[in-house]
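Here the structure is laid out as structure tokens; the discussion comes afterwards.
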């Protein structure tokens, strides 16, 4: 069931200002989803499109949907959520902005907290966002270092269908070996996106890459990692497709596909599927301070 929608009511003036500013500066970006092959033969992801100032779009034709909203910089409106991929049904939406919906766990199924409770505070993509701070210690708890929210998806992912999760996040630092930021979890193992501090990163320091769900342990190749930039808002899409008891997946960050492959989660009949955001299952060697916003998920 789709959760109760949240609105940006008190921020109309700010949104209008952002629209005006972007119209002047020419910085409006298309906030798009890549629906994948027309025959729906593979997983779906997405990316941003951009038209150069003063000219028409000269990029090659692509199979992308129309922008989700006239002004993508205004943030996610859960009262009127974007349609998402073709034939999609919204199964979860949260922009954390409505002050009448109290508490960070409002509308979520459960939360995990071994390293600081998740909080709502100003400083989200447009207004408020979910802040997850994880600081590891000498001995990790049995479930690892976790500050996260989880939403159970009713009926999971039916055979032949996909689940696409989209969200934005920024982090003040990535001073941690490994921490998942967002994921689709199946049978307690997750596939999604993680921050890494690793010499194999493109900049040799910190980067963003996929999280491999096999065994619940990171297995990123770093072949297509995105370098980490502090306080930059990243747009992330995670897609998991089910075919019988097998699962393929795709992770896209700011239009860059960091992973696209088969068998991203162990085979299973998917008795329980959840989407999660925060900073969780972190390596035992550092800290991460993350803000997550504009979370939406579709089944299609």
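Structure data summary
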{"item": "Condition met for residue 140 (touching a helix residue (DSSP H, G or I) at 6+ places or on another chain (Cβ under 7 Å) and surrounded by fewer than 21 Cβ atoms within 10 Å (Cβ to Cβ))", "result": "no"}
{"item": "Filter result for the condition that a residue is farther than 28 Å from residue 117 by Cα and either without any contact (Cβ under 8 Å) to a residue 60 or more places away in the chain or in a strand (DSSP E or B) (or both), over 251, 264", "result": "264"}
{"item": "Meets criteria (over 28 Å from residue 113 (Cα atoms) and modelled with pLDDT of 95 or more) for residue 300", "result": "yes"}
{"item": "Candidate set from the range 204-217 (those that are more than 17 Å from the chain's Cα centre (by Cα) and at pLDDT below 90); member that is farthest from residue 268 (Cα to Cα)", "result": "217"}
{"item": "Residue check for residue 79: part of a loop (DSSP other than H, G, I, E, B), more than 17 Å from the chain's Cα centre (by Cα) and modelled with pLDDT of 90 or more", "result": "yes"}
{"item": "Cβ pairs under 8 Å, 6+ apart, first in the range 87-110 and on the phi > 0 side of the Ramachandran plot, second at pLDDT below 95 and surrounded by fewer than 16 Cβ atoms within 10 Å (Cβ to Cβ)", "result": "107/4"}
{"item": "Lone qualifier among 122, 175 - being touching a strand residue (DSSP E or B) at 6+ places or on another chain (Cβ under 7 Å), surrounded by fewer than 20 Cβ atoms within 10 Å (Cβ to Cβ) and modelled with pLDDT of 90 or more", "result": "122"}
{"item": "Matching strands (runs of 3 or more DSSP E) fully within the range 141-237 where at least 3 residues are over 25 Å from residue 127 (Cβ atoms) and touching a residue at least 12 places away in the same chain (Cβ under 8 Å)", "result": "145-152, 178-186, 189-197, 206-211"}
{"item": "One residue from 275, 291 being out of contact with any helix residue (DSSP H, G or I) (no Cβ under 7 Å at 6 or more places or on another chain), closer than 12 Å to residue 189 by Cα and buried (at least 17 other Cβ atoms within 10 Å of the Cβ)", "result": "275"}
{"item": "Failed condition for residue 121, given (1) within 17 Å of the chain's Cα centre (by Cα); (2) part of a strand (DSSP E or B); (3) more than 18 Å from residue 211 (Cβ to Cβ)", "result": "(1)"}
{"item": "Looking only at the range 256-275, and only at residues there that are closer than 15 Å to residue 164 by Cβ and modelled with pLDDT of 90 or more, the one that is nearest to the chain's Cα centre (by Cα)", "result": "275"}
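The values are calculated or read from the model by the stated rules, or taken from the named source; none is laboratory data. Just so we're clear, the structure is a prediction, and the values are computed from it rather than from any experiment. Virtual Cβ from ideal backbone geometry, glycine too; neighbours counted across all protein chains shown.
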